[in-house]
Amino acid sequence: MGFEYISILPTPDEIKEQFPLAPELAALKAKRDQEIRDVFTGNSDKFLVIVGPCSADREDSVCDYVNRLTKVQEKVKDRLILIPRIYTNKPRTTGDGYKGMVHQPDPEKKPNLYEGIIAIRKLHIRVTEETGLTTADEMLYPENLTYLDDVMSYIAIGARSVENQQHRLVSSGIDVPVGMKNPTSGTLSVMLNAVHAAQHGHEFIYRGWEVKTEGNPLAHTILRGAVNKHDQCLPNYHYEDLKLLHELYCERGLKNPACIIDANHSNSNKQYMEQIRITKEVLHSRRHSAEIKELVKGVMIESYIEPGNQPVGQHCYGKSITDPCLGWTDTERLLYEIADGLA
């Protein structure tokens with residue numbers, strides 16, 4: 001019973017001192033952050049694609065994947081901003097299974113949080129250093145934010161975390177866009193309440209400090225589908241869903257109304273190939289309605305080098321060990337189709 005205290009972990013300041021972000025990378029990130037901010041504030045009509053593995057499991061294969069993304073980004077830079085998913089914290093519905101690189105930098109070895117903290121920082125920095133693309137991650141543990149806050153350009157709050165007070169309050173002090181997913185129940189008011197909380201300032205306890213925030217005007221919604229009481233998936237990316245969300249935004253008067261569509265999870269019932277059809281339908285809705293075009297700023301796509309998924313230990317290079325992902329060939333084709341479909 002109780003806790004076994006294993007070791008004291010280094011502070012974020014200690015980790016940042018040991019693995020600093022080079023000044024030229026910090027400048028690159030500032031430029032990318034402004035480009036992404038301009039999308040959310042309406043100063044840019046570029047479309048965001050937050051794309052990458054369900055979980056970042058192996059440094060080399062993740063970097064290989066993002067290097068492929070970089071070549072596409074150069075060809076579509078006038079229309080798309082690609083943000084690689086480097087998701088190093090993995091929520092688990094039952095608590096079992098691979099919890100992400102922060103827990104297990106090697107998925108086949110025992111958890112080691114000290115090595116994990118170092119591994120996730122090195123991975124995020126390496127991606128930007130090699131590719132010039134800055135990254136997205138999920139904030140599963142709010143107290144871990146400051147290990148990576150100087151390297152990420154986008155943060156997601158998951159469906160099981162969006163009702164949590166600490167996630168909402170910490171989001172209010174973040175300087176980059178934070179996407180609030182709808183809860184697994186699908187209740188839109190919960191998601192919008194989270195956006196409201198994140199857009200306003202608060203005083204609270206964070207990592208042993210009393211802190212004060214001014215609010216994050218870039219907090220926004222992510223539609224990821226829902227699950228009903230019979231465990232059936234209910235998508236919420238359709239035209240009518242987007243019109244309803246727009247109406248709710250107007251009623252609440254939130255800053256910078258914006259939505260990202262998660263094409264996987266309960267929207268696809270984890271049928272990863274459906275992400276292609278779902279993305280194209282979202283683009284059609286944007287073309288059909290000026291209000292939806294203004295509201296929907298991008299999509300999230302789970303994608304890796306090889307399609308599908310595999311158990312830990314199977315050793316198929318670049319294949320997800322968590323949820324199934326779109327393979328690279330289909331991903332590359334879809335990215336070009338998204339760019340063409342924005343007209």
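When you scan the range 306-328, do you find a residue that is within 17 Å of Leu80 (Cβ to Cβ), touching a residue at least 12 places away in the same chain (Cβ under 8 Å) and either touching a His at 6+ places or on another chain (Cβ under 9 Å) or assigned to a helix (DSSP H, G or I) (or both), even just one? Yes, that holds for at least one residue. Whenever a residue of the range 54-71 is over 12 Å from His124 (Cα atoms), its partners that are of a type in the set (S, T, N, Q) and assigned to a loop (DSSP other than H, G, I, E, B), lying with C-beta atoms within less than 9 angstrom and at least six residues away or across chains, give the pairs Cys54/Asn264; Cys54/Thr322; Ser55/Thr88; Ser55/Asn89; Ser55/Thr322; Asp57/Gln104; Asp57/Thr322. Of the strands (runs of 3 or more DSSP E) that lie entirely inside the range 103-222, those containing 1 or more residues that are buried (at least 16 other Cβ atoms within 10 Å of the Cβ) span 135-138, 152-157, 178-181, 203-206. Do we have Leu223 as touching a residue at least 60 places away in the same chain (Cβ under 8 Å), closer than 24 Å to Val176 by Cα and not basic (Lys, Arg) here? Answer is no for this residue. In the range 223-241, of all residues being of a type outside the set (A, V, I, L, M, F, W, C) and under 20 Å from the mean Cα position of the chain (by Cα), the one that is surrounded by the most Cβ atoms within 10 Å (Cβ to Cβ) corresponds to Arg224.
This table checks each residue for (1) modelled with pLDDT of 95 or more; (2) closer than 24 Å to Ala30 by Cα.
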| residue | (1), (2) |
| --- | --- |
| Gly95 | no, no |
| Tyr98 | no, no |
| Tyr114 | yes, no |
| Ala119 | yes, yes |
| Thr128 | yes, yes |
| Ala136 | yes, yes |
| Glu143 | yes, yes |
| Leu148 | yes, yes |
| Tyr154 | yes, yes |
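Residues that are in contact (Cβ under 8 Å) with a residue 12 or more places away in the chain, of a type in the set (Asp, Glu) and closer than 20 Å to Glu291 by Cβ are absent from the range 158-167 altogether.
Pairing residues of the range 96-107 that are without any contact (Cβ under 8 Å) to a residue 60 or more places away in the chain with residues that are hydroxyl-bearing (Ser, Thr, Tyr), at Cβ distances under 6 Å and at least 6 apart in sequence or on separate chains, gives Gly100/Ser55; Gly100/Thr88; Met101/Thr88; Val102/Thr88. Give the number of residues within the range 89-98 that are more than 30 Å from Gln73 (Cβ to Cβ) and either surrounded by 20 or more Cβ atoms within 10 Å (Cβ to Cβ) or aromatic (Phe, Trp, Tyr) (or both). Final tally of qualifying residues: 0. Considering the range 119-157, the residues that are among the hydroxyl-bearing types (Ser, Thr, Tyr) and in contact (Cβ under 8 Å) with a residue 60 or more places away in the chain include one that is farthest from His196 (Cα to Cα), namely Thr131.
Condition check for Val39 on (1) more than 30 Å from Glu306 (Cβ to Cβ); (2) out of contact with any Lys or Arg (no Cβ under 6 Å at 6 or more places or on another chain); (3) surrounded by 16 or more Cβ atoms within 10 Å (Cβ to Cβ): one failure, at (2).
Restricting the range 70-102 to residues that are touching a helix residue (DSSP H, G or I) at 6+ places or on another chain (Cβ under 8 Å), assigned to a loop (DSSP other than H, G, I, E, B) and polar (S, T, N, Q) leaves a set whose member that is farthest from Asp340 (Cα to Cα) is Asn89.
Among residues of the range 105-134 being of a type in the set (Val, Ile, Thr) and within 22 Å of Thr11 (Cα to Cα), the one that is farthest from the chain's Cα centre (by Cα) is Ile118. Here is the figure for the range 28-59: residues that are within 22 Å of Val195 (Cβ to Cβ) and of a type in the set (Gly, Ala, Ser) total 2.
Checking each residue in the range 227-278 for being among the polar types (S, T, N, Q), farther than 21 Å from Glu302 by Cα and in contact (Cβ under 8 Å) with a residue 60 or more places away in the chain picks out only Asn256.
The values are calculated or read from the model by the stated rules, or taken from the named source; none is laboratory data. Remember, predicted model here, so these are calculated numbers, not experimental data. Note: ideal-geometry Cβ built from the backbone for every residue, glycine included; neighbour counts use all protein chains shown.
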